[in-house]
1. Given the options D204, D257, name the one that is at pLDDT 95 or above, among the acidic types (D, E) and under 18 Å from the mean Cα position of the chain (by Cα).
2. Going through region 92-135 one residue at a time, which ones are surrounded by fewer than 19 Cβ atoms within 10 Å (Cβ to Cβ) and part of a loop (DSSP other than H, G, I, E, B)?
3. Does region 244-254 contain at least one residue that is assigned to a helix (DSSP H, G or I), crowded, with 20+ Cβ neighbours inside 10 Å and within 13 Å of the ligand (Cβ to nearest atom)?
4. For V112, all conditions in the list (1) touching a residue at least 60 places away in the same chain (Cβ under 8 Å); (2) out of contact with any strand residue (DSSP E or B) (no Cβ under 7 Å at 6 or more places or on another chain) hold save one; what is the number of the exception?
5. How many of the residues in region 47-71 are surrounded by 15 or more Cβ atoms within 10 Å (Cβ to Cβ) and on the phi > 0 side of the Ramachandran plot?
6. Looking at region 204-243, which of its residues are surrounded by 23 or more Cβ atoms within 10 Å (Cβ to Cβ) and assigned to a helix (DSSP H, G or I)?
7. Select from region 307-330 the residues that are within 18 Å of T353 (Cβ to Cβ), without any contact (Cβ under 8 Å) to a residue 24 or more places away in the chain and either within 16 Å of the ligand (Cβ to nearest atom) or touching a Gly at 6+ places or on another chain (Cβ under 9 Å) (or both) and list them in ascending order.
Amino acid sequence: MTDDRRFVARHVAALPKSGIRDFFAIVSQMRDAVSLGIGEPDFVTPFHIREAAMAALEKGRTSYTDNRGLLSLREEIGRYVARHYGPEYRPDDEILVTIGVSEALDILLRAVLNPGDKVLYHEPCYVSYAPSVALCHAEAIPVRTADTDAFSLDPEALRAAWRPGCKVLILNFPTNPTGGTADRAKLEAIARFAVEKDLLVASDEIYSELTFEGDHVSIASLPGMRERTVFLHGFSKAFAMTGFRVGYACGPAGVIDGMLKVHQYAIMCAPIASQEAAVEALRNGRDAMLHMRDKYRERRDFIVRRLNAHGLPCHLPRGAFYAFPRVDVTGLDSMAFAQGLLREEKVAIVPGTAFGQAGAGFCRASFSTSYERINEAMDRLGRYLDRLRAR
Ligand code: PLP
């Protein structure tokens, strides 16, 4: 350990680095690599949205905004959420604009968790959940989901994982990395459990517009849930706006007020030009968004067909833009499989264990890249598998 590391707090030193970043540092140095590893849209933000940001800058809109975000944006968010998800939120005190869902989740956890509190979440899951909980000196309790259930969350498994001291339940439907969703009946059972155990639900719905099978239902819209749910959403995925760094939280005023305190001391506000772009996305971005969703659906059907044809069992992801095939049928674990594929065929996918132990035996292949690149990656994968089988 070098000397200056002694300044780093124990709970921070104990955090693992994101498994994905390490992997892709290697990929970025490789010539002719095909990456199915990236968790962001390959589309550039639609022009009219970029233009709104440019117009804001041209007009000299370069200041801080209200800590809660521009009122015009909060009003649009209120209308958008009511129209597409159901619950109505007051722009004045129930909506907070953040630096993406990343910040929204972080400040929510920091606002509500006391040291030692417990947080339930389903796994495999987005890489930041467990570290964000650990940064609050709280305890993360994963609940396994499985491919036999298309990686939905079984309410009975949730009940079995619960322990005294659980305060928050993080949900993410559709799920990164599995594309799992939860239908209304399942959400109702989860909601009943949340009420019974007095849990606050943090519902990360960042992929909700990218739902390919059935309608997306927000748990916040179910009876008795609005008052115990914080709805987290943003612009990164559906509107291809990752670089704008803007998202939002909608929830009961008392919780949003707690989040606002953390937000105003740590962040102040989201960048004004990004907020102006977000207003434009909500007002006029739906057609472009639906077009991108249709493209993802075509690519999903293609990649899942090719993976299964190659003998890697892959369920049909119902949302988001990730395929999550089983790779342990080859006799290799996730990491060995992904490393071999990268070394031998220069195709980058992410080992399932980057998303928690429940991801062991799987890998994540993103289909947020062109059809041609997916096709090339699948050809290379076929060659790799042929070689593995011949060994
Ligand atoms: N939540 C999930 C499930 C994600 O997959 C991601 C990004 O990959 C985020 C949150 C972060 O999103 P944002 O860009 O809004 O911070």
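1. D204
2. Within region 92-135, D92, D93, N114, P115, G116, D117, S128, L135 meet the criteria.
3. First, the residues of region 244-254 that are assigned to a helix (DSSP H, G or I): 244, 253-254.
With crowded, with 20+ Cβ neighbours inside 10 Å added as a condition, the list becomes 244.
Cutting the leftovers down to within 13 Å of the ligand (Cβ to nearest atom) gives us 244.
Checked region 244-254: at least one residue is assigned to a helix (DSSP H, G or I), crowded, with 20+ Cβ neighbours inside 10 Å and within 13 Å of the ligand (Cβ to nearest atom).
4. If we test V112 against (1) touching a residue at least 60 places away in the same chain (Cβ under 8 Å); (2) out of contact with any strand residue (DSSP E or B) (no Cβ under 7 Å at 6 or more places or on another chain), just (2) comes out false.
5. Summing the residues that are surrounded by 15 or more Cβ atoms within 10 Å (Cβ to Cβ) and on the phi > 0 side of the Ramachandran plot in region 47-71 gives 1.
6. Scanning region 204-243 gives I219, A220.
7. The answer is V329, and nothing else.
Table: residues versus (1) closer than 20 Å to D257 by Cα; (2) more than 16 Å from the ligand (Cβ to nearest atom); (3) touching a Pro at 6+ places or on another chain (Cβ under 9 Å).
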{"residue": "A56", "(1), (2), (3)": "no, yes, no"}
{"residue": "G60", "(1), (2), (3)": "no, yes, no"}
{"residue": "D66", "(1), (2), (3)": "yes, yes, no"}
{"residue": "I77", "(1), (2), (3)": "yes, no, yes"}
{"residue": "Y80", "(1), (2), (3)": "no, no, no"}
{"residue": "E88", "(1), (2), (3)": "yes, yes, no"}
{"residue": "V101", "(1), (2), (3)": "yes, no, no"}
{"residue": "R110", "(1), (2), (3)": "yes, no, no"}
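The values are calculated or read from the model by the stated rules, or taken from the named source; none is laboratory data. Every value quoted in this text rests on a predicted model; they were computed, and no experiment measured them. Cβ: placed from backbone, ideal geometry, glycine included. Neighbour counts: every protein chain shown.
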